[in-house]
1. Report, by residue number, each residue of segment 178-222 that is surrounded by 13 or more Cβ atoms within 10 Å (Cβ to Cβ) and over 24 Å from Gly161 (Cβ atoms).
2. Taking segment 510-556 as the search range and keeping residues that are over 12 Å from Ile486 (Cα atoms) and among the aromatic types (Phe, Trp, Tyr), which one is farthest from the chain's Cα centre (by Cα)?
3. Tell me, yes or no, whether segment 322-336 has at least one residue that is under 22 Å from the mean Cα position of the chain (by Cα), outside any helix (DSSP H, G or I) and surrounded by fewer than 17 Cβ atoms within 10 Å (Cβ to Cβ).
4. Is it the case that some residue within segment 284-296 is in contact (Cβ under 8 Å) with a residue 40 or more places away in the chain, among the aliphatic types (A, V, I, L, M) and farther than 30 Å from Arg327 by Cβ?
5. Out of the residues in segment 18-35 that are free of Cβ contacts under 8 Å to residues at least 40 places away in the same chain and assigned to a helix (DSSP H, G or I), state the one that is surrounded by the most Cβ atoms within 10 Å (Cβ to Cβ).
6. Got at least one residue in segment 303-313 being outside the structural domain of Ile381 (by TED's automatic domain parsing), without any contact (Cβ under 8 Å) to a residue 40 or more places away in the chain, among the charged types (D, E, K, R) and part of a helix (DSSP H, G or I)?
7. What single numbered condition from (1) in contact with an Asp or Glu (Cβ under 9 Å, 6 or more places away or on another chain); (2) over 30 Å from Ser424 (Cα atoms); (3) at pLDDT below 80 fails to hold for Met518?
8. Condition check: buried (at least 17 other Cβ atoms within 10 Å of the Cβ), not acidic (Asp, Glu) and not assigned by TED's automatic domain parsing to the domain that holds Asp335. Does Leu490 satisfy that?
Amino acid sequence: MALISVSDELAKKSFTNVENKFITKYMPVLEPIAVKVYLYALYVYQSGLNSASHEDMAKALNISEDELKNYFEYLEEFELVSILSVSPLEVKILDAENVYGTPKKFKPEKYADFTKIVQNTIKGRMISTNEFREYFLLLEDYGFEQNALIMIINYCVNLKGDSIRFQYIKKVAKSFAEEGAVTAKKVDEKLSAYTSSTPALINIFRAAGINKQPDIDDDRLYKKWTAELGFEENAIAAAAKAFKVKNTDKLDSVIMELYKNKKFDVKEIKSYSANKNSIYIATVEIARNLGVYIQNTAPYIDNYVNAWCDYGFEPDCLKQLSVYCFRHNKKTFEDMHELIKKLYSDGIITTDSVNEYIEKVEADDRLIKKLLTHCGLSRKIIDWDRESLARWKSWGFDKIMLTEAAKISAGKANPMAYMNAVLSSWKSDGIFSTDKIIVKPAPASQETKTDRAVVERHYSDLRHRAEDKAEKQLAKVLSDEVYGKIYKDLNELSIQLAFAEIRNAEEAEKLSAKMKEMQFLSDKRLSELGIARDELIPVYSCKICNDTGYDKNGNPCVCLKKFLSTIK
């Protein structure tokens, strides 16, 4: 019969899994309460008690919160856990080291002198048997000379104080071992090299207001910043001060950001920092002007405002444009982005040129409003009105001629479309002044003898059929989960590519290649669904005018003349 068995009822209940090597190797040597802390931590994680706090855990184990923290630090010395954060307390449970058996046995007499020196060095507390065992493991597993490890321990004590925890010493010792510094000579060389960079680190810490003594990790970062990335000490100090960093990890991320943006000089760093702050303020104000609530500015800065600044727009100019966008019903960052891309392509970037553009648009809107009134319309201005005005001006018509055309079009079924026909007829006949206008209710063409409403309805039906068919096909394929995701990814990639083409040619090339891959997947999935890509695009009956009746120059299309002849 087996030594241990369980009842059927017990077998059906929930359990907390524990590594066997924890039971065989660690449990026999750990302090009893530390075992309780470890097991309860496993229970909390495996039971999904995400809301449990360290206060709850301390209360459940009938110990104080400080005791709980101390026991986690004790478990960390054995590398059973890793403390990610002290306030609030966050702990990660690690896998136990060594697969088989109990911890190694060491002969006390072999390390008698070593243990005396270490205890005399760490005077702030008594060193436990388990801690000494870990020192012995460092000596034997990593090949440290005793004097070499003593030098490391002495360095750590001088840096952190004589009550230093073992986990810090072990971390430093391992970093030395990774670089092959396990002899007294090599440890001395490494410490001497570190000491040479200490004054520079102290100056940097003073500039940043970092209240700590530089350590080996800081030295490693300093060598990375200077030797690998090419920053000088005064530039690093300027970065620390400008970005108000409070620890070396944050400073490292700042240095990497500056490196990515090729900012190495002190002036460049200060300017970049000041501009970044102004961009943050501008982003907040742009969002407010657009009526957009943003909880986190970072995505809007990275995906929009930085790109706009790369185009050459100043923050104040962007704020002014956001007000303009809101007034013209462009109330999202994406809407504003479309406008800014158009301005950029037209070379309208400076504050003065943007002001001129806004004044011109508002003047055009005032003119459109008057034309709508003459046409007998009281609706709001739409983009099609603005496009029409731009086209009419490109044909060479002034305000007076436009007003006359609007008056002639009053009372028609679709006055603005009729006005377009009037102006197109005048353009064909070379009529650009009022004295050449022949007084009659409609343009002198075959089209004017026909009920305009019939023509408009005909072309409206043609466009509607083509566009409705394409929209239905698109809605059909978007209902497919696979194609829907590909379609969404393609749209996002196109936005990323637009930004990358401005800021990073290499990244743009990668995104372009990725878009080709995604387009291939898109076509493949459409093929699997039995639909061609062309079916998602409106197929107009006339390729010249796209079923509008007028070509790109505003002249009556061939299809319009043909239609008129059929209904004459």
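The values are calculated or read from the model by the stated rules, or taken from the named source; none is laboratory data. On a predicted model such as this, the values are computed, not experimentally measured, just so you know. All Cβ positions, glycine included, derive from the backbone under ideal geometry; neighbour counts span all protein chains shown.
1. The answer is Val182, Thr183, Lys186, Ala207.
2. Top of the filtered list is Tyr550.
3. Checking segment 322-336: at least one residue is under 22 Å from the mean Cα position of the chain (by Cα), outside any helix (DSSP H, G or I) and surrounded by fewer than 17 Cβ atoms within 10 Å (Cβ to Cβ).
4. no
5. So, considering only residues that are free of Cβ contacts under 8 Å to residues at least 40 places away in the same chain and assigned to a helix (DSSP H, G or I), the one surrounded by the most Cβ atoms within 10 Å (Cβ to Cβ) is Val35.
6. Within segment 303-313, not a single residue is outside the structural domain of Ile381 (by TED's automatic domain parsing), without any contact (Cβ under 8 Å) to a residue 40 or more places away in the chain, among the charged types (D, E, K, R) and part of a helix (DSSP H, G or I).
7. (3)
8. It is false that Leu490 is buried (at least 17 other Cβ atoms within 10 Å of the Cβ), not acidic (Asp, Glu) and not assigned by TED's automatic domain parsing to the domain that holds Asp335.
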